[in-house]
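Asks: Below is a structure I'd like to ask you about.
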Amino acid sequence: DVKVTQSSRYLVKRTGEKVFLECVQDMDHENMFWYRQDPGLGLRLIYFSYDVKMKEKGDIPEGYSVSREKKERFSLILESASTNQTSMYLCASTFRGGGEAFFGQGTRLTVV
Amino acid sequence: QQQVKQSPQSLIVQKGGISIINCAYENTAFDYFPWYQQFPGKGPALLIAIRPDVSEKKEGRFTISFNKSAKQFSLHIMDSQPGDSATYFCAASMRTGFQKLVFGTGTRLLVSP
């Protein structure tokens, strides 16, 4: 059973904290993505990576950074969490040629 | 140009009825159009997908209709069941570049018993 696993289902952090969201996939996918899901806005792409140590900005990268040191792991970093970053965060992966994206179960982050 | 517009935002259908969700796009370079289904507390999962060389694709009770000239595609759920109650997202991507998926805003479907 193929899997994308996100390290936390729920997180509560304080404003100004540095936050790490971790994602691991076991499908040997080249591409990995971080999306943010908000009601009425759908899924918006924050960052993606097409190879180890490679990254590209998505549509809403401000306030976020990413790290991909190993093929199977893609981390999203909130350098200084703010309340407007309270959201559901979804990690996904695909093969290099695209096609079906496999999603993790999501991390619901609340910044207080 | 990168947007995918989805409607309606929410939909209530009686059991056994037909659920229809519509999406429209502007970028003619899009060449892959999937639909994802998301249940509460879960990540989205691929339901069905189509490429623009066909006008319709059917898998069980789920059908994608694709109109290339109008730049529109839709999901039809026949004989809708309470278990189909979920949020549905249309999406699009291009064969070139990094095949990033651009998602619609989602439709929350409720099938009443």
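Asks: Can you name every one of the strands (runs of 3 or more DSSP E) wholly within region A:54-103 that holds 3 or more residues which are within 14 Å of chain B (Cβ to nearest Cβ) and surrounded by 15 or more Cβ atoms within 10 Å (Cβ to Cβ)?
Replies: A:87-95, A:98-103
Asks: Condition check: open to solvent by less than 30 Å² (accessible area, probe 1.4 Å), in a strand (DSSP E or B) and out of contact with any Ser or Thr (no Cβ under 6 Å at 6 or more places or on another chain). Does B:PHE89 satisfy that?
Replies: On the way: open to solvent by less than 30 Å² (accessible area, probe 1.4 Å): yes; in a strand (DSSP E or B): yes; out of contact with any Ser or Thr (no Cβ under 6 Å at 6 or more places or on another chain): yes.
So B:PHE89 passes the test.
Asks: Which of the residues that make up region B:36-93 are charged (D, E, K, R) and touching a Pro at 6+ places or on another chain (Cβ under 7 Å)? Walk me through it before giving the result.
Replies: To start, the set of residues in region B:36-93 that are charged (D, E, K, R) comprises B:42, B:51, B:53, B:56-59, B:61, B:68, B:71, B:79, B:84.
B:LYS68 - this is the single residue of region B:36-93 that is charged (D, E, K, R) and touching a Pro at 6+ places or on another chain (Cβ under 7 Å).
Asks: Counting just the residues of region B:24-49 that are closer than 14 Å to B:LEU101 by Cα and within 11 Å of the chain's Cα centre (by Cα), which one comes out surrounded by the most Cβ atoms within 10 Å (Cβ to Cβ)?
Replies: B:TYR36
Asks: Of all residues being part of a strand (DSSP E or B) and either under 13 Å from the mean Cα position of the chain (by Cα) or not hydroxyl-bearing (Ser, Thr, Tyr) (or both) in region A:43-53, which is modelled with the lowest pLDDT? Just the residue, please.
Replies: Filtering first and then ranking leaves A:ASP51.
Asks: Hey, can you tell me all the residues within region B:50-61 that are assigned to a loop (DSSP other than H, G, I, E, B), open to solvent by 70 Å² or more (accessible area, probe 1.4 Å) and over 28 Å from A:VAL4 (Cβ atoms)?
Replies: Once the filter is applied, which keeps residues that are assigned to a loop (DSSP other than H, G, I, E, B), open to solvent by 70 Å² or more (accessible area, probe 1.4 Å) and over 28 Å from A:VAL4 (Cβ atoms), region B:50-61 yields B:ASP53, B:SER55.
The values are calculated or read from the model by the stated rules, or taken from the named source; none is laboratory data. For clarity, every value in this text was computed on a predicted model and none was experimentally measured. Every residue, glycine as well, gets a Cβ built from its backbone with ideal geometry; the counts of neighbours run over all protein chains shown. Heads up: the accessible areas ignore ligands, DNA and RNA and are worked out on the full protein's heavy atoms, side chains in. Shrake-Rupley method; radii C 1.70, N 1.55, O 1.52, S 1.80 Å.
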